[in-house]
1. Just checking, how many residues over the range 97-127 are open to solvent by 40 Å² or more (accessible area, probe 1.4 Å), within 25 Å of ALA27 (Cβ to Cβ) and touching a residue at least 40 places away in the same chain (Cβ under 8 Å)?
2. Could you tell me which residue of the range 30-58 is farthest from the chain's Cα centre (by Cα), considering only residues that are in contact (Cβ under 8 Å) with a residue 24 or more places away in the chain and part of a loop (DSSP other than H, G, I, E, B)?
3. Any residue that is among the β-branched types (Val, Ile, Thr) and modelled with pLDDT of 95 or more - is there at least one of those in the range 37-47?
4. Search the range 30-45 for residues being surrounded by 15 or more Cβ atoms within 10 Å (Cβ to Cβ) and out of contact with any helix residue (DSSP H, G or I) (no Cβ under 7 Å at 6 or more places or on another chain), and hand back the single one that is farthest from LEU111 (Cα to Cα).
5. Here are the criteria: (1) open to solvent by 30 Å² or more (accessible area, probe 1.4 Å); (2) in contact (Cβ under 8 Å) with a residue 60 or more places away in the chain; (3) over 13 Å from the mean Cα position of the chain (by Cα). Tell me which single one GLY66 does not satisfy.
6. Residues to consider are GLY83, GLY92, GLY97; find the one that is at positive phi and touching a helix residue (DSSP H, G or I) at 6+ places or on another chain (Cβ under 8 Å).
7. Working only within the range 81-102, note down all residues that are among the small types (Gly, Ala, Ser) and under 16 Å from SER120 (Cα atoms).
8. Restricting attention to the range 50-58, does a residue exist that is in contact with a helix residue (DSSP H, G or I) (Cβ under 7 Å, 6 or more places away or on another chain), open to solvent by less than 20 Å² (accessible area, probe 1.4 Å) and not polar (S, T, N, Q)?
Amino acid sequence: MVTLEPLRADHAEALLAFERANRAYFARTVPDRGDAFFTAEGFAARLEALLDEQHARVCRFHVVLGEDGELIGRINLMDLVDGSAELGYRVGEQAAGRGVATTAVAQVCRLAAADYGLTSLTARTTLDNPASMRVLTRNGFRWVENTTVGGSPGVRYERRHLDAGPDSP
C-alpha cells in the first residue's frame, strides 16, 4: 500500500535522509542536484522555497509513504497553469520495481483532477530511464516529442482528460 501526503515542514528530516540515501541511485538516470542541495542548510532553504510555492498554489508537492509510514518517494505537480502541470517523481532504490511509482502516479493523477482541478499533465524523462517511461505509459501518458532533460536525450509525455482514467484517448 502506498500513501501520498502533501509536503510539510515536518517531513524535512525524513526527506533529506531519503535524498541522501538515494543520491547515487538517482544520479544514474536524472541530473544530480549538486552538493549544496544535500547540506542541512541548503536543503532547508530549498524546502522552504518549495513550501512557499505550494502555499501560493503554483506547485503541489507530495511525499510517498510505504506501508510502515516510511518515506519511499516523492511526487510533484509543478507550474500549475491553465488546468495543466508538469509531473515529476522519484522512488527510492529500496522501493523500486515494486509498482510504487505506478501506484503513486495513478494516485496523483486522481488528486490532480479531483482536488486541484487539473485536466492535463506533462512529464519528461531521460531515454536511459525505461522504468519511468513504463510508469508513464501504464498511467495513460502518451509520447509527445523528443527533448532533453538536464542535457541528456529524453522524451516528453502528456496525459489529457485526467478524470477519464488512464486508458482514455
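1. Residues flagged as open to solvent by 40 Å² or more (accessible area, probe 1.4 Å), within 25 Å of ALA27 (Cβ to Cβ) and touching a residue at least 40 places away in the same chain (Cβ under 8 Å) within the range 97-127 amount to 1.
2. PRO31
3. Pass one, the range 37-47, residues among the β-branched types (Val, Ile, Thr): 39.
Add one more test, that the residue is modelled with pLDDT of 95 or more, and what stays is none.
No - not one qualifying residue is present in the range 37-47.
4. Checking each candidate, the answer is ARG33.
5. (1)
6. Details: GLY83 fails: touching a helix residue (DSSP H, G or I) at 6+ places or on another chain (Cβ under 8 Å); GLY92 fails: at positive phi.
One residue alone meets the criteria, GLY97.
7. Step one: of the range 81-102, the residues among the small types (Gly, Ala, Ser) are 83-85, 88, 92, 95-97, 99, 101.
Hits for the range 81-102 are GLY83, SER84, ALA85, GLY88.
8. Pass one, the range 50-58, residues in contact with a helix residue (DSSP H, G or I) (Cβ under 7 Å, 6 or more places away or on another chain): 51.
Filter once more, keeping what is open to solvent by less than 20 Å² (accessible area, probe 1.4 Å): none.
Looking for residues that are in contact with a helix residue (DSSP H, G or I) (Cβ under 7 Å, 6 or more places away or on another chain), open to solvent by less than 20 Å² (accessible area, probe 1.4 Å) and not polar (S, T, N, Q), one finds none in the range 50-58, hence no.
The values are calculated or read from the model by the stated rules, or taken from the named source; none is laboratory data. Note that the coordinates shown come from a computational prediction; the quantities given were computed from them, not determined experimentally. Neighbour counts run over all protein chains shown; Cβ positions are idealised from the backbone, glycine included. Note: areas computed on protein heavy atoms with side chains; ligands, DNA, RNA excluded. Shrake-Rupley method; radii C 1.70, N 1.55, O 1.52, S 1.80 Å.
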